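The values are calculated or read from the model by the stated rules, or taken from the named source; none is laboratory data. All values derive from a computational prediction rather than experimental measurement. Glycine also receives a Cβ, built like all others from the backbone with ideal geometry; neighbour counts cover every protein chain displayed. Protein only, heavy atoms only, side chains kept; ligands, DNA and RNA dropped before computing areas. Shrake-Rupley method; radii C 1.70, N 1.55, O 1.52, S 1.80 Å.
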Amino acid sequence: VPQATVPMQGDFYMADRLTSHKGGLMWIKHPPGTFLREGDVAVDMMDVWGDIVEEVKMPYDGYCWSFTGGVGYTQVVPEGTQIAFTFRER
């Protein structure tokens, strides 16, 4: 089946994980594979009223290649949860 996205070209390596420091509902700001600069917000953590309680930012220029979610792989995330895998170009 043809895929809607084009494979990324380059030499990449897994760099790290993003972790939420506050619990809440995870709101992903960009699709996987989007280039993000250091300091860009990758994920907003919100409370049940929709108020942002934390902005999870990229610690370096790179990409999020997978958003893992929280409880049962849902958008409900306890504090201290690893929520995304990141990668960088060599």
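Values as computed for the structure displayed
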read-out	value
Mean projected area (nm²) of the alpha-carbon convex hull when the chain is viewed from all directions	6.6 nm²
Quotient of C-alpha Rg and 2.2 N^0.38 Å, computed over the stretch 41-90	1.21
Cβ charges +1 (Lys, Arg) and -1 (Asp, Glu), total dipole of the stretch 24-88, debye	300 debye
Surface accessible to a 1.4 Å probe, Lys29 within the full protein complex, Å²	90 Å²
List Arg90, Arg37, ordered by accessible area with a 1.4 Å probe, largest first	Arg90, Arg37
The stretch 40-59 and the stretch 3-39: distance between their alpha carbon centers, rounded to Å	14 Å
